[in-house]
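Participant: I have a structure here, written as structure tokens, and I will follow up with some questions on it.
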Amino acid sequence: MLPFIRSDLAQFTAYKPHPSSNTDEPVATQFDRLDTNESPYDLPPELKEKLAWTYQQVIEINRYPDGGHEQLKNAIAEYVNESANLTPSLFTAANISVGNGSDELIRSLLIATCLRGEGSILVANPTFSMYGILAQTLGIGVVTVGRNEENFEIDLKAAQTAIEQTQNPPIRVVFVVHPNSPTANKLTAAELAWLRNLSEQILVVIDEAYFEFSQNTLVGELAQRPNWIILRTFSKAFRLAAMRVGYCIAHPEAIAILEKVRLPYNLPSFSLAAALVALQNRQLLLSSILQTLNERDKLIAVLSQHPGLQVTESAANFVYLRLKPNGSYRQDATLQNLHQQLKNSGTLVRLLKGGLRITIGTSEENTRTLARLQAAMANFES
Ligand SMILES: *Cc1c(COP(=O)(O)O)cnc(C)c1O
């Protein structure tokens, strides 16, 4: 260990986008990449051309980007109002902060709330791993609770106890995903009631990365809840994962704090331009969602017929697949094996402790996923 490095960093491992691969080879494009919940559809050629033109004719590469993001924030505010059927002027640029992916915003939120030993965070596993990872790199404590095995509801009793009993430092932030990743379920009524009852001393971060698929948002409640912040991203339904643009919606006071801690030119000009073009063409881009939802429902219908597999409802562009309890094999080992067999046959999916998370791809990809899953499962039944 380098002698000048913080001692607690020694045990960390760097985030690997494809943690399942045990080689450092680049991911071959012939793989069906169903492990990171991106859209399977690249931008339509006419939008790519428009962006290429912007890059060549409009953006001055020698100049710093627009550090205030005003134009993009206005466009986002308009979209947020429209997509939640709110009064057109309810949210404005003053309610929006933009990040280099929502990952940057998660880090900014942690910096603004918990640093200097002032707070820890609460998450319910399994959930999006970046909350915990980013907190740990900042030396922030992570308190975890579990979920109900049937409907993936947060263990609210444990969560409440954790909030009452965690001290030095207390829990300052609760992170939830709506719908959750990897389990794909929306927040339940009980979870919502619990979140609404939390003290205003605690920041509630509601990550709506999959909002465009679920069409279920809590932005309408933000006005009454000064301790809530909603996170969104352009990486999923808007098909801009390569551009790294995320945003959050919150009270102007909270936004002002986030603006204080962010890096001055956190978004490249090209990413800003891409997000604007995406919003201006949202109808075209988001029109692929219906196809994804149909594909998802077909996949779930077939998978739920399989005697060895357990698949649950999904409100997002992925499904969470578990093995039916079976005395004759070890769940962990079988899941790992299934994951490896899928990879060997050309499909990348995300392996988690209790299951596999499979992104909905193109129709062809999903057909291959099914065939490969069924073939792999047949190997266990012999
Ligand atoms: C994919 C995803 C994001 C998006 O992160 P970006 O940094 O914006 O790409 C955020 N939250 C959750 C839960 C996700 O699944």
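The values are calculated or read from the model by the stated rules, or taken from the named source; none is laboratory data. All figures in this text were calculated on a predicted structure; none of them were measured in a lab. Here the Cβ is made from the backbone with ideal geometry for all residues, glycine too, and neighbour counts use every protein chain on show. Quick note on the areas: whole protein, heavy atoms, side chains included, nothing else; ligands and nucleic acids left out. Shrake-Rupley method; radii C 1.70, N 1.55, O 1.52, S 1.80 Å.
Participant: Output the number of residues of segment 72-106 satisfying the condition of being out of contact with any helix residue (DSSP H, G or I) (no Cβ under 6 Å at 6 or more places or on another chain), open to solvent by 40 Å² or more (accessible area, probe 1.4 Å) and in a helix (DSSP H, G or I).
Facilitator: 2
Participant: When you look at Phe152, is it in the same structural domain as Ile229 (by TED's automatic domain parsing) and under 16 Å from the mean Cα position of the chain (by Cα), yes or no? Even if it seems obvious, please write down each step before you answer.
Facilitator: Values: in the same structural domain as Ile229 (by TED's automatic domain parsing): yes; under 16 Å from the mean Cα position of the chain (by Cα): no.
No, not satisfied.
Participant: Go through segment 107-144 and count every residue that is open to solvent by 30 Å² or more (accessible area, probe 1.4 Å) and assigned to a strand (DSSP E or B).
Facilitator: Total meeting the criteria: 3.
Participant: Take Ala237 and decide whether it is part of a helix (DSSP H, G or I), on the phi < 0 side of the Ramachandran plot and open to solvent by less than 10 Å² (accessible area, probe 1.4 Å). Full working, then the answer.
Facilitator: Numbers: part of a helix (DSSP H, G or I): no; on the phi < 0 side of the Ramachandran plot: yes; open to solvent by less than 10 Å² (accessible area, probe 1.4 Å): yes.
Spelling it out, it is not the case that Ala237 is part of a helix (DSSP H, G or I), on the phi < 0 side of the Ramachandran plot and open to solvent by less than 10 Å² (accessible area, probe 1.4 Å).
Participant: Quick check: is even one residue across segment 250-259 touching a His at 6+ places or on another chain (Cβ under 8 Å) and surrounded by fewer than 23 Cβ atoms within 10 Å (Cβ to Cβ)?
Facilitator: Let us first name the residues in segment 250-259 that are touching a His at 6+ places or on another chain (Cβ under 8 Å), namely none.
No, segment 250-259 has no match at all.
Participant: For segment 339-352, which positions are of a type in the set (Lys, Arg) and either within 18 Å of the chain's Cα centre (by Cα) or buried (at least 22 other Cβ atoms within 10 Å of the Cβ) (or both)?
Facilitator: Step one: filter segment 339-352 for residues of a type in the set (Lys, Arg), giving 343, 350.
Residue satisfying the conditions is Arg350 alone.
Participant: Which one is nearest to the ligand (Cβ to nearest atom) among residues in segment 202-228 that are in a strand (DSSP E or B) and open to solvent by less than 10 Å² (accessible area, probe 1.4 Å)? Can you show your working first?
Facilitator: Narrowing segment 202-228 to residues in a strand (DSSP E or B): 203-207, 228.
Still in the running and open to solvent by less than 10 Å² (accessible area, probe 1.4 Å): 204-207, 228.
Details: Val204: 15, Val205: 10, Ile206: 10, Asp207: 5, Trp228: 16 Å.
Once the filter is applied, the top-ranked residue is Asp207.
Participant: If a residue must be in a loop (DSSP other than H, G, I, E, B) and over 16 Å from Phe318 (Cα atoms), how many such residues does segment 352-378 contain?
Facilitator: The initial filter retains those residues of segment 352-378 that are in a loop (DSSP other than H, G, I, E, B), namely 352-355, 360-362.
Going one step further and asking which of them are over 16 Å from Phe318 (Cα atoms), we end up with 353.
So the count comes out to 1.
Participant: Given the structure, is Val177 in contact with a Leu (Cβ under 8 Å, 6 or more places away or on another chain) and aliphatic (A, V, I, L, M)? Steps first, answer last, please.
Facilitator: Working: in contact with a Leu (Cβ under 8 Å, 6 or more places away or on another chain): no; aliphatic (A, V, I, L, M): yes.
Judged against the criteria, Val177 is not a match.
Participant: Could I ask something else about it? Pairs under 8 Å by beta carbon, first residue farther than 20 Å from Leu272 by Cβ in segment 91-114, partner charged (D, E, K, R) and open to solvent by 20 Å² or more (accessible area, probe 1.4 Å), six or more apart or different chains?
Facilitator: Ala112/Lys260; Thr113/Arg172; Cys114/Arg172
Participant: Starting from segment 39-68, keep only residues that are under 14 Å from Asn281 (Cβ atoms), then list their pairs with residues that are surrounded by 14 or more Cβ atoms within 10 Å (Cβ to Cβ) and β-branched (Val, Ile, Thr) whose Cβ atoms are within a distance under 7 Å, requiring at least 6 positions of separation or different chains.
Facilitator: Here the result reads Leu47/Val277; Lys50/Val277; Leu51/Val277, each pair linking segment 39-68 to a residue that is surrounded by 14 or more Cβ atoms within 10 Å (Cβ to Cβ) and β-branched (Val, Ile, Thr).
Participant: Keeping to segment 69-89, report how many residues are modelled with pLDDT of 95 or more, more than 15 Å from Gln283 (Cα to Cα) and among the aliphatic types (A, V, I, L, M).
Facilitator: The total comes to 2.
Participant: Further question on the same structure: For the structure I just gave you, tell me whether Ser199 is under 28 Å from Leu115 (Cα atoms), of a type in the set (Gly, Ala, Ser) and within 11 Å of the ligand (Cβ to nearest atom).
Facilitator: Details: under 28 Å from Leu115 (Cα atoms): yes; of a type in the set (Gly, Ala, Ser): yes; within 11 Å of the ligand (Cβ to nearest atom): no.
Taking the combined requirement at face value, the residue does not satisfy it.
Participant: Continuing with the same structure: Of all the residues that make up segment 223-244, how many are in contact with a strand residue (DSSP E or B) (Cβ under 6 Å, 6 or more places away or on another chain) and farther than 23 Å from Leu290 by Cα?
Facilitator: The first filter runs over segment 223-244 and keeps only residues in contact with a strand residue (DSSP E or B) (Cβ under 6 Å, 6 or more places away or on another chain), leaving 227-233.
Checking the rest, the ones that are also farther than 23 Å from Leu290 by Cα come to 227-230.
The total comes to 4.
Participant: Continuing with this model, one more query. For the subset of segment 190-212 comprising residues that are closer than 22 Å to Asp103 by Cβ and not β-branched (Val, Ile, Thr), which member is farthest from the chain's Cα centre (by Cα)?
Facilitator: Filtering segment 190-212 for residues that are closer than 22 Å to Asp103 by Cβ and not β-branched (Val, Ile, Thr), the one farthest from the chain's Cα centre (by Cα) comes out as Leu203.
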